[in-house]
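Reading through the structure tokens given below for one structure.
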Amino acid sequence: MLDGMTATTHRRLRTEIPGPNSLALHQRRTDAVAAGLTSTLPVYITSAEGGLLTDADGNTLIDLGSGIAVTNVGHAAPAVVDGVREQAGLFTHTCFMVTPYEGYVRVCEELAALTPGDHAKRSVLFNSGAEAVENAVKIARTATGRQAVVVFDHAYHGRTNLTMALTAKSLPYKHGFGPFAPEVYRVAGSYPFRDAEGRTGEQAAAEAIDRVEKQIGADAVAAVVVEPIQGEGGFIEPAPGFLPALSRWCAANGVVFVADEVQTGFCRTGEWFACDHEGVVPDLIATAKGIAGGLPLAAVTGKAELLDSVHAGGLGGTYGGNPVSCAAALGAIETMREGDLAGAAKRIGETAIASLRELAATTGAIGDVRGRGAMIAIEFVKPGTTEPDAAITSRIAAACHAAGVVVLTCGTYGNVVRLLPPLTLPPELLREGLDVLEDAIREETSR
């Protein structure tokens, strides 16, 4: 933190956003960092605690983004910090593939206990969500001897070559980066706001399954990869029954059901995992983001026979399951369990969704307010239609940023504001952040 600046427990603006120190740092950035890497809000952070970010100009912002669903336990969570400090003082790396260590094993034991299902499980640890999803596909292909992978419209699964193929949206994720990995097939999913009125989850699943059976053949499919709530695609919550129907079809046809819970996992939706809401037990579950309180860690967890089907040496990576990241994960899991952060997420969702739906009733620009727990979306449309309105979405986000509240946007059409607050965010900060957002919505929709 810069001289003369002290920690605060509330939003505080000392300068415009971004301020002069952030602007100076941003100029240095343009001379050193690749232009293809962009930032939502170019304020340069010097410290963070709980749900607050302090920048280089001494401004303190309310964080309703959690670094894209990563700091579920809040910034600088004590159990995470203590675990990292202790482990870093012992050793920072040996490579689990060379000389292993207990922390990796403990994380895998926790994943076996926490993820859906009571069957025998195994895990393997990686660095990022994309790595986890890619390795889940590798495992499914090895176990089944098949190649085809089924994914869905509006999906996002990562930025590696294979996960770009799994991802639906071209700009900015795929444009110009092909050719992509083959044997990836895309079908329509369930998007209640944009589906035909009355279309059920079971009907959406039946239509997707019919397309797969006719155009690919069930006996050619290695895996169905699905986000239980689609993230970058717009926080799309499928209609009830959609996921269970897909899971049943997979089980009946020897297809591996892969749940990509990178963004939804670790109490974010009000349960430990989004699959828990409908009692869906995936064959494999890919996790990352919220697992380690801000340090890079990811995992594939699933049925023992699937993980153990891969030949010796077929899974791994130099940094996968780094000991410091494992210590952070153990601290984060302890915080989630002892603080009942799944319950906290439910309370955040109840407050935010009720308030935003009340506002939506007064403006035609909000087409839908949706979400589970602390994973909340506001979809903006041109009044009287379902036509996406990306322009007003951008203006509302910019107004929140200028007022010191970090919100994110997403959606295939760029017309969704998404909220991902830390699950430890105090009610008064949540209310203050929502007030700023709602004022921005009123201002922009009244023009």
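The values are calculated or read from the model by the stated rules, or taken from the named source; none is laboratory data. The structure presented is a predicted model; accordingly, all values stated were derived computationally and were not measured. Cβ: placed from backbone, ideal geometry, glycine included. Neighbour counts: every protein chain shown.
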**Complete:** Exactly one of P421, P427 is at pLDDT 95 or above, surrounded by fewer than 22 Cβ atoms within 10 Å (Cβ to Cβ) and under 24 Å from N72 (Cα atoms), and that one is P427
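Could you tell me which of the residues L162, L171, L125 is modelled with pLDDT under 95 and among the hydrophobic types (A, V, I, L, M, F, W, C)?
Values: L162 fails: modelled with pLDDT under 95; L125 fails: modelled with pLDDT under 95.
Exactly one of L162, L171, L125 is modelled with pLDDT under 95 and among the hydrophobic types (A, V, I, L, M, F, W, C), namely L171.
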**Candidate set from region 8-42 (those that are β-branched (V, I, T) and under 19 Å from R418 (Cβ atoms)); member that is surrounded by the fewest Cβ atoms within 10 Å (Cβ to Cβ)** = T38
**Request:** Kindly establish whether V407 is in contact with a Lys or Arg (Cβ under 8 Å, 6 or more places away or on another chain) and not assigned by TED's automatic domain parsing to the domain that holds G233.
**Result:** yes
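Take R447 and tell me if it is among the charged types (D, E, K, R) and crowded, with 24+ Cβ neighbours inside 10 Å.
no
How about region 137-158: which of its residues are outside any loop (DSSP other than H, G, I, E, B) and among the aromatic types (F, W, Y)?
F152 - this is the single residue of region 137-158 that is outside any loop (DSSP other than H, G, I, E, B) and among the aromatic types (F, W, Y).
Where in region 1-106 are the helices (runs of 4 or more DSSP H), entirely inside, with at least 1 residues that are closer than 26 Å to A374 by Cβ?
Output list reads 66-69, 78-90.
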**Prompt:** Could we say that G294 is assigned to a loop (DSSP other than H, G, I, E, B) and over 15 Å from V149 (Cα atoms) here?
**Reply:** yes
**Request:** Filter region 107-136 down to residues that are under 21 Å from the mean Cα position of the chain (by Cα) and part of a loop (DSSP other than H, G, I, E, B) and give me whichever is nearest to G158 (Cα to Cα).
**Result:** S128
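Quick one: is A69 on the phi > 0 side of the Ramachandran plot and in contact with a Lys or Arg (Cβ under 8 Å, 6 or more places away or on another chain)?
yes
Consider region 107-128. How many of its residues are aromatic (F, W, Y) and touching a Ser or Thr at 6+ places or on another chain (Cβ under 6 Å)?
The total comes to 0.
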